[in-house]
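*Asks:* Okay, here's the structure, questions in a sec.
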């Protein structure tokens with residue numbers, strides 16, 4: 001089976017799944033996955049049967065909320081935002097390895113109530129098939145709450161989603177992946193609003209300098225930067241850029257600024273979990 005034919009089949013499966021769900025609230029972050037899901041939902045079910053909902057949270061950049069609002073509007077979707085409550089949960093603030101479980105449970109419980117109040121039958125999110133391969137405790141919460149993930153269920157991977165999004169004319173098809181800011185902290189480093197703000201400011205600054213895929217991992221007074229490997233030369237060979245980065249991150253309170261030689265990796269802090277589980281297996 002050709003790649004195009006396989007992709008067409010997966011998209012048809014997504015459409016079929018959505019048709020069965022009849023009326024949905026889409027958990028909409030403004031990223032490429034949830035944008036594609038929203039676009040297909042609107043195409044299949046019509047505007048009256050689809051509501052895009054975006055959480056306003058200290059674990060996400062404010063600019064992401066604005067982008068989500070304008071994209072939902074451009075797609076012609078009904079959109080609303082609500083304040084998330086994950087920070088009220090002490091288990092979330094402790095930042096254990098299953099932190100995402102507590103966050104998603106809280107978030108999707110709110111969304112479920114919201115959907116019920118407004119007469120929407122089902123709740124869908126943009127998880128993809130690649131997410132199922134990594135350690136994602138948040139997926140357990142989705143399952144418990146009966147949230148459906150049509151893209152993952154149809155087997156669509158991240159690169160395939162970008163391909164389909166491009167073909168459908170979505171403006172953010174090449175948008176770098178973003179994850180909640182809590183993922184920048186090693187497990188069991190307590191989460192504080194002050195440190196989340198610090199990480200957010202650092203990443204916004206790096207993006208303004210033109211770096212596309214950025215993670216600022218917070219290790220106390222040390223900032224470990226993960227960048228796209230192709231962008232290393234710009235930082236390492238350009239003294240002015242390097243000095244700007246060091247100066248700004250120092251002003252945020254970081255005494256040391258390091259560059260991770262492996263470059264950007266989604267879920268890199270999960271390596272510690274993998275290596276500790278290997279130790280236990282020996």
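The values are calculated or read from the model by the stated rules, or taken from the named source; none is laboratory data. All figures in this text were calculated on a predicted structure; none of them were measured in a lab. Don't worry about glycine lacking a Cβ; one is built from the backbone with ideal geometry, like all the others, and counts go over all protein chains shown.
*Asks:* Select from segment 92-118 the residues that are over 23 Å from residue 191 (Cα atoms) and more than 20 Å from the chain's Cα centre (by Cα) and list them in ascending order.
*Replies:* Hits for segment 92-118 are 113, 114, 115, 116, 117, 118.
*Asks:* Yes or no: segment 240-252 includes at least one residue that is surrounded by 13 or more Cβ atoms within 10 Å (Cβ to Cβ), under 26 Å from residue 129 (Cβ atoms) and touching a residue at least 12 places away in the same chain (Cβ under 8 Å).
*Replies:* no
*Asks:* Go over the candidates 123, 181 one by one and state the one that is buried (at least 18 other Cβ atoms within 10 Å of the Cβ) and under 19 Å from residue 19 (Cα atoms).
*Replies:* 123
*Asks:* Answer yes or no as to whether residue 31 is assigned by TED's automatic domain parsing to the domain that holds residue 69 and over 21 Å from residue 177 (Cβ atoms).
*Replies:* no
*Asks:* Let me ask you something else. For residue 131, are the conditions met, namely being under 16 Å from the mean Cα position of the chain (by Cα) and at pLDDT 95 or above?
*Replies:* Taking the combined requirement at face value, the residue does not satisfy it.
*Asks:* Go through (1) in the same structural domain as residue 74 (by TED's automatic domain parsing); (2) in a helix (DSSP H, G or I) and name the single condition residue 155 misses.
*Replies:* With respect to (1) in the same structural domain as residue 74 (by TED's automatic domain parsing); (2) in a helix (DSSP H, G or I), residue 155 is out only on (2).
*Asks:* Mind checking which residues of segment 103-131 are touching a residue at least 12 places away in the same chain (Cβ under 8 Å) and over 15 Å from residue 141 (Cα atoms)?
*Replies:* 114, 115, 118, 119, 120, 121, 122, 128, 129, 130
*Asks:* Another question, then. Among the candidates 53, 68, which residue alone is in contact with a helix residue (DSSP H, G or I) (Cβ under 7 Å, 6 or more places away or on another chain), within 24 Å of residue 131 (Cα to Cα) and in contact (Cβ under 8 Å) with a residue 24 or more places away in the chain?
*Replies:* Only one candidate passes the filter, namely 53.
*Asks:* State whether the residues of segment 16-24 include one that is under 26 Å from residue 163 (Cβ atoms), in a strand (DSSP E or B) and modelled with pLDDT of 95 or more.
*Replies:* Among the residues of segment 16-24, at least one is under 26 Å from residue 163 (Cβ atoms), in a strand (DSSP E or B) and modelled with pLDDT of 95 or more, which makes the answer yes.
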